[in-house]
1. Springs between alpha-carbon pairs under 10 angstrom, Gaussian network model over the chain: which of Lys134, Lys66, Lys36 fluctuates most?
2. Within 10 Å, count the other beta carbons around each residue, average over each peptide in 171-179, 153-161, 45-53, and list them highest first.
3. So what J values fall out for the stretch 110-127 if you push phi through Karplus, 6.51 cos²θ - 1.76 cosθ + 1.60 with θ = phi - 60°, rounded to Hz, Gly and Pro as x?
4. For the chain, divide the Cα radius of gyration by the Kirkwood radius and give the resulting Rg/Rh value with two decimals.
5. Using 0.36 nm times the number of residues separating Asn137 and Gln122, minus their current alpha carbon distance, what extension gain do you get?
6. I'd like to compare 210-222, 70-82: which one has the highest average count of other Cβ atoms within 10 Å, and what's the full order after that?
7. Taking 51 Å as R0, compute the FRET efficiency from the Cβ-Cβ separation of Phe186 and Phe78 and round it to 0.05.
8. Given R₀ = 22 Å, FRET efficiency for Asn241-Ile261 by Cβ-Cβ distance, to 0.05?
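Derivation of every value follows stated rules applied to the coordinates shown; laboratory data play no part. Treat the numbers as computed from the prediction; the structure is a model and nothing was measured. Here the Cβ is made from the backbone with ideal geometry for all residues, glycine too, and neighbour counts use every protein chain on show.
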Amino acid sequence: MFESPVTKRDLIFFSIFSLIILLAVFLFSFFDERTKIVFCNVGQGDAAYIRIRNKTDVLVDAGPDKSVLSCLGKYMPFWDRKIELIFISHNQKDHFGGLDQLMERYKIDEIYFVNDLNTSLQSFKRLKQKIIDKKVNIEESFAGKIIQGKFKILWPPRGFNSTNDNDYSSVVLFNDVLFTGDASPFVLSRLSHPVKTGHAPSLQNINILKIPHHGSKNGLTRNFLDLADPGVAVISVGKNNSYGHPSQKVLDMLKAKKTKIRRTDVEGDIVFKLPN
């Protein structure tokens, strides 16, 4: 009779070794207090997960669908089932679509929305009602607001009105990382002129810039890029999307500045760890 070369002792040794490795990984994650930012690969949409000093969980946008859950499953500690803060840059489904599923899996403390006067989407109205039913705190996102002492809202101004939904897209500064949602050239132009808004000094010394509108030609402008002068540009975009994002114009603009380009359609999830 054939005798297996693997003995019971070998299996016990292998099991103990595996447990030690898992414990080491767990302890490293548990005690690693560096702030982590993950630009999630959610296809044609935006979602960024931030874990601040291994304590506070934040989302900037929630992607178009439940794909954001896969990202959180990989990077959010399994023992933590609460998201303290969510920013929805504006009221389009590729930015808020994942919220419905998120509320089924996680407790959410607070959600910030812009006051888009054009919003008529029934799906968004249903979502807002579900948020109310779940007793999640809803706050308005407007320029000048500072949240938890860490997140500074640069756009839109309170009471702002426009016929273009993307003009409402919030711009959020966290440390030296700038989240721009689908901000339009109009928004970027206003932010580039301190006389008009007073926000331009906050745009200097940006390290990581989330490129607006998935790299659309109707997003990033040369003046804004020159002002922000980021070291890294992140483009959240779906592979082989029907819009042709990112545009060659934007890619050429970034290459001319020698800005490092990182894309979710090429790399998948993009992870940064910030020194605290």
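1. Highest fluctuation of the listed residues: Lys134.
2. So the order, starting with the most tightly packed, is 45-53, 171-179, 153-161.
3. For the stretch 110-127, the Karplus-derived couplings read 8, 10, 9, 10, 7, 8, 7, 6, 8, 4, 10, 4, 5, 5, 6, 5, 5, 4 Hz, x marking Gly and Pro.
4. 1.05
5. Working it through step by step, the gained length comes to 3.3 nm.
6. Highest mean packing first, the order is 210-222, 70-82.
7. FRET efficiency, Phe186 to Phe78: 0.75.
8. So, using R0 = 22 Å, E works out to roughly 0.85.
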